[in-house]
1. Looking at F312, is it farther than 17 Å from W54 by Cβ, in contact with a strand residue (DSSP E or B) (Cβ under 9 Å, 6 or more places away or on another chain) and not assigned by TED's automatic domain parsing to the domain that holds W190?
2. What is the one condition in (1) outside the structural domain of F56 (by TED's automatic domain parsing); (2) at pLDDT 95 or above; (3) surrounded by fewer than 23 Cβ atoms within 10 Å (Cβ to Cβ) that E330 does not satisfy?
3. Quick one: F280 ticks every box in (1) touching a strand residue (DSSP E or B) at 6+ places or on another chain (Cβ under 9 Å); (2) at positive phi bar one, so which box is it?
4. Checking S307 against (1) at positive phi; (2) not in a loop (DSSP other than H, G, I, E, B), only one condition comes out false. Which one?
5. Within segment 158-196, count every residue that is more than 20 Å from R285 (Cα to Cα) and either surrounded by fewer than 16 Cβ atoms within 10 Å (Cβ to Cβ) or touching a Cys at 6+ places or on another chain (Cβ under 6 Å) (or both).
6. Tell me whether segment 127-138 contains one or more residues that are without any contact (Cβ under 8 Å) to a residue 40 or more places away in the chain and charged (D, E, K, R).
7. Go through (1) of a type in the set (A, V, I, L, M, F, W, C); (2) under 30 Å from Y6 (Cβ atoms); (3) out of contact with any Asp or Glu (no Cβ under 9 Å at 6 or more places or on another chain) for F91 and report which single condition fails.
8. Given the condition at pLDDT below 95, touching a Leu at 6+ places or on another chain (Cβ under 6 Å) and surrounded by 11 or more Cβ atoms within 10 Å (Cβ to Cβ), answer yes or no: does some residue in segment 372-394 qualify?
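The values are calculated or read from the model by the stated rules, or taken from the named source; none is laboratory data. Keep in mind that this is a model prediction, so the values were computed, not measured. Here the Cβ positions follow ideal geometry from the backbone for every residue, glycine too, while neighbour counts run over all protein chains shown.
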Amino acid sequence: MLKDAYDVVVMGGGPAGSTAAALVSAEGFSALLVEREKMPRFHVGESLMPETYWIFQRLGVWDQLKNKCFVKKVSVQFIGQEGKESQPFFFPDHDPRECTQTWQVERARFDQLLFDNALEKGANGIDQTRVMEVLFDGDRARGVRLMRPDGTESEVAASVVVDATGQQAVLASRLGLREDNPQLRKAAIWTYFRGALRQSGDHGGATIVMHTEEKQSWFWFIPLSDDITSVGVVGDNDYLLKGRGKPSAVFDQERARCRGLASRLAGAQLVSRYHVAKEFSYRTRQHAGDGWVLVGDAWGFIDPIYSSGVYFAMKSAEMAADAIMTGLREGDTSAACLGSWTDEFNQATAWIRKLVQAFYTNDFSFGQFLREHPQHGANLTDLLIGRIFQDGVGHIFDDMDLLLDQADTAESEESRKTR
């Protein structure tokens, strides 16, 4: 039964929304968690960063996750355009504690677990409910107008409205805050296979990133439970989706250009339709206002390459929830209070943004970089784990930035010659 007013209304029942709702509810604040679709629902983004461990512990779901039979992930590997395989980055070799393992998750089950946890912590959760409008008094958010499955509408007041609506970004879109990244106009085509070839042992759960010939695209290979593997190709939007036919045809064309994928899918069976996402890299120029805050993909999304999406969603929600609870206790739900965490979060996530830039710089090689600067191997592993908030995490870029500048100069010179 819906109440007329809550301390917090959270729009979006994914990892960010469920995290925020669970944390504020656990501290005795009233929260309404609103999901547009029927739970559980399909979503991409199956690979987790190990650093989510600390949020899982705070939410009290770590043991539940261990019992869900998700595929354990303890490593990441990269395969070059010629099929040469890097040495895997084994997280436990870098840090043997339990916090360096994580999972490859089916998002329907994973998101349902987090949604249910929010309800167990005291949140009121409803699905199949659309947020028709965020209500404002001047510049201050004061609640939402909802539409239930039977078409009935109602208004719910709130001291704070949290936008966790993913790339739909309800508030950011309404307020004109979204800014697409012109350097990352990427698209993705993905599907699922049964029986793909996996490594033996612990490395069998690794996320594998594979370049295609000429490095115009790359594939992810994410092992899931029940012998299902998520396989997707990412490239420039115009390259993948303009004038090349159906997504299935483009996928097959790129698959033929990926030497690392050939043996892994040789005996595999396609078990799903093809999915498409495009131009998904963006940021927001303002992350909070009076009575409202953005978290998760509503805050922004960088790129799928390092599997940072779920971690960023949950971490932003955790930090926002702490700011919200401080504001509610002190009677201050201003933009300054609700957004007090965003500078720290933006600075930390910028390190992953820089790693993304390096990956998409064709004349830059991580393998060559580590051969020339082996002292940065541990630093790079920390970044792949998701340890972006600790001191010294950016030291790797003292040397990497120089090589990236040289690679950019070389690419610009080559482009000039071919005009």
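1. It is false that F312 is farther than 17 Å from W54 by Cβ, in contact with a strand residue (DSSP E or B) (Cβ under 9 Å, 6 or more places away or on another chain) and not assigned by TED's automatic domain parsing to the domain that holds W190.
2. E330 satisfies every listed condition except (1).
3. Looking at each condition in turn, F280 falls short on (2).
4. Result: S307 fails condition (2) only.
5. 2
6. Yes, the conditions are met somewhere in segment 127-138.
7. (2)
8. yes
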